[in-house]
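I am attaching a structure below and will ask some questions about it afterwards.
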Amino acid sequence: MRLKNTDRAIHAVLNRIFVCQQELVDSIGSHGNIVTLFFHELAIHFSGILIQREHSISSQVQPAFPYTNHQYAIAPYLYDFSSSHNLPKMSSALELMHRLRVLSVARGEAIPFGYEQDRMKSILVNLLTGYQAPAKGFLSSLRLQLEMLETLIQDLCAEHSINGVDAIICNWQRYVSCYCTEDRIKAPEERLIIGNRQNLQNRILAHNYMEQGKKVTAFTHGEISSAIFTEPMYDYAERGVCTELVEYGQPQTVDNSRTILPPQRTVYRTSSLAKSFFKLSREIPSPTLSSLKILYIPTTYVGDYIYGPSHAYPDDIYAEWHRALHSVFSSAIFKAHPKSKVDRPYPGNTEQRWLDDCIDEYDVYILDYFATSTVRAMLSDKPVIYFDIGLRPLADEFMSALKKRCFYWQIDINGDLPEQLMGALSRYQRSDYCGSNADVAKYCFANPTTFSWRDTLFH
């Protein structure tokens, strides 16, 4: 119940940030707006405080701002910004590539080319475009905007009984000063290409270009349509902050009423990675598990790098779920996540190889989180057991496709986990479930494809 209460409080925080952002839109505009620019970081900081004060999950190392730890959540202190938030300098190799670029097109970070499948395309794009050096974001009327940010912080602290408001305000003033300026920085190219807008530098570059009326093409990530997610983060850091959005799959109905800087145009592409391993199967049985190799593919242990709502569980809660899963599905092998923030052992046997190197050796997959690895399992012709433990909430339409693909079982993370898992196993053993991956595929494969690199680079 405490987790549910915390999530409700986080939703209230996000709503208050959104209201402030809209107020600044009315007075400052959509671009050059301090809350528009730092929405994701504000969400990280204040949701982190609410989660961390309920769970003592801190390591000995202070996480980089805006992430928090338990000590900070209880009694906020001044962060050291002396080195961790300096703008990185562009390497000499990147400087040379920028000078030699063919087109007046800049590129930012994390553009998803499709791993090995589109290597030649990535090389060509890198040769034709110039890497955009890290920059500060232009904010007009900076003093006024800082005052409004201060008021927002005071309101959030008062509404959610957060201590140390003066320290939090000071930290945010210093953080903003690391990344923002009142001096308009001329965007050097005619247009910009960027990847994930959870990346602050990508958002800064997008703001600078859009403020000057220039085109910004942004890519979603994860090899599947972002429309499948109802997680708030997708509204403020994934589906917007661009003039053109490049999505996976086929057009889906998405409520953009809370999307920050929604695109003027959306184009669709096929995931080349998904295409490389997709095996269409309309009849995937649910075989007896006793003689099969089972691979459980979890998400990361996040340590202090946690935020919400419903994005991750504190490590102690996720570890408790793992122990319960192992107690019921004792033969399942745990796939170690390569990006875990902390080195925490899994119960039972562990698979250390990269997923692509080992996944085909297993007969059944267990999932509890939707990410690229989940897409890899979903588009296979192998049985999938999906435990919905309350992370990464999914859109209703996609949930229908998910339940046609998997043996689906909802888990109350606050309840008796072994008992729920025993119930799921019993139901699985009695079922004659037969899944299909056909409906999931439309979220990865465009028909027709409306995105082209030629149009993006030359038009």
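The values are calculated or read from the model by the stated rules, or taken from the named source; none is laboratory data. This one's a predicted model, so the numbers in the text were calculated from it and none came from an experiment. Quick reminder, even Gly has a Cβ in these numbers, built from the backbone with ideal geometry, and neighbours come from all protein chains shown.
Hey, could you check segment 8-35 for residues that are modelled with pLDDT under 95 and buried (at least 19 other Cβ atoms within 10 Å of the Cβ) and say which is farthest from the chain's Cα centre (by Cα)?
Ranking the qualifying residues of segment 8-35, first place goes to ILE28.
Among (1) exposed (fewer than 15 other Cβ atoms within 10 Å of the Cβ); (2) at negative phi, there is one condition SER161 misses while meeting the rest; what is its number?
Of everything listed in (1) exposed (fewer than 15 other Cβ atoms within 10 Å of the Cβ); (2) at negative phi, SER161 misses just condition (2).
A further question follows. If you take the residues in segment 218-270 that are of a type in the set (Lys, Arg) and touching a helix residue (DSSP H, G or I) at 6+ places or on another chain (Cβ under 7 Å), which one is farthest from LEU457 (Cα to Cα)?
Applying the filter and picking the extreme gives ARG258.
Just one of (1) over 20 Å from the mean Cα position of the chain (by Cα); (2) within 20 Å of GLY130 (Cβ to Cβ) trips up LEU205, so point out which.
So LEU205 meets the others, but not (1).
Out of all the residues in segment 300-308, is one or more assigned to a loop (DSSP other than H, G, I, E, B) and among the acidic types (Asp, Glu)?
Yes, segment 300-308 contains a residue that is assigned to a loop (DSSP other than H, G, I, E, B) and among the acidic types (Asp, Glu).
Another question about this same structure. Can you name every residue in segment 135-185 that is closer than 21 Å to GLU54 by Cα and among the hydroxyl-bearing types (Ser, Thr, Tyr)?
Passing the criteria: only SER161.
On to the next question. Can you tell which of SER373, SER400 is outside any loop (DSSP other than H, G, I, E, B) and modelled with pLDDT under 95?
Only one candidate passes the filter, namely SER373.
Within segment 57-85, take every residue that is among the polar types (S, T, N, Q) and under 24 Å from the mean Cα position of the chain (by Cα) and give me the one that is modelled with the lowest pLDDT.
Among them, the one singled out is SER58.
Just to verify a result, which residue in segment 344-355, among those that are more than 20 Å from the chain's Cα centre (by Cα) and in contact (Cβ under 8 Å) with a residue 24 or more places away in the chain, is farthest from TYR386 (Cα to Cα)?
Here the residue is ARG344.
Take segment 337-359 and flag every residue that is under 13 Å from ILE297 (Cα atoms), in a loop (DSSP other than H, G, I, E, B) and hydrophobic (A, V, I, L, M, F, W, C).
TRP354, the sole residue that qualifies.
Listed here are the residues, each with its yes/no results for (1) outside the structural domain of LEU457 (by TED's automatic domain parsing); (2) touching a residue at least 60 places away in the same chain (Cβ under 8 Å); (3) buried (at least 19 other Cβ atoms within 10 Å of the Cβ); (4) assigned to a loop (DSSP other than H, G, I, E, B).
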{"residue": "GLN201", "(1), (2), (3), (4)": "no, yes, yes, no"}
{"residue": "ILE204", "(1), (2), (3), (4)": "no, yes, yes, no"}
{"residue": "ASP235", "(1), (2), (3), (4)": "no, no, yes, no"}
{"residue": "LEU261", "(1), (2), (3), (4)": "no, yes, yes, yes"}
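Let me ask something else. Only residues that are in contact (Cβ under 8 Å) with a residue 40 or more places away in the chain and assigned to a helix (DSSP H, G or I): list them for segment 425-454, please.
Once the filter is applied, which keeps residues that are in contact (Cβ under 8 Å) with a residue 40 or more places away in the chain and assigned to a helix (DSSP H, G or I), segment 425-454 yields LEU425, TYR428, GLN429, ALA438, VAL440, ALA441, TRP453.
Just one of ILE366, ILE413 is assigned to a strand (DSSP E or B), of a type in the set (A, V, I, L, M, F, W, C) and in contact (Cβ under 8 Å) with a residue 60 or more places away in the chain; which is it?
Sole residue among the options that is assigned to a strand (DSSP E or B), of a type in the set (A, V, I, L, M, F, W, C) and in contact (Cβ under 8 Å) with a residue 60 or more places away in the chain: ILE366.
Answer yes or no as to whether SER272 is polar (S, T, N, Q), crowded, with 18+ Cβ neighbours inside 10 Å and at pLDDT below 95. It would help to see each step written out before you state the result.
On the way: polar (S, T, N, Q): yes; crowded, with 18+ Cβ neighbours inside 10 Å: no; at pLDDT below 95: yes.
No.
Six or more apart or on different chains, Cβ under 7 Å: which pairs go from a residue in segment 13-28 that's under 17 Å from SER161 (Cα atoms) to one that's in a helix (DSSP H, G or I) and of a type in the set (Val, Ile, Thr)? Could you list them?
ILE17/VAL35
Taking the options ARG197, ARG191, ARG184, name whichever one is within 22 Å of ASP235 (Cβ to Cβ) and of a type in the set (Lys, Arg).
ARG197
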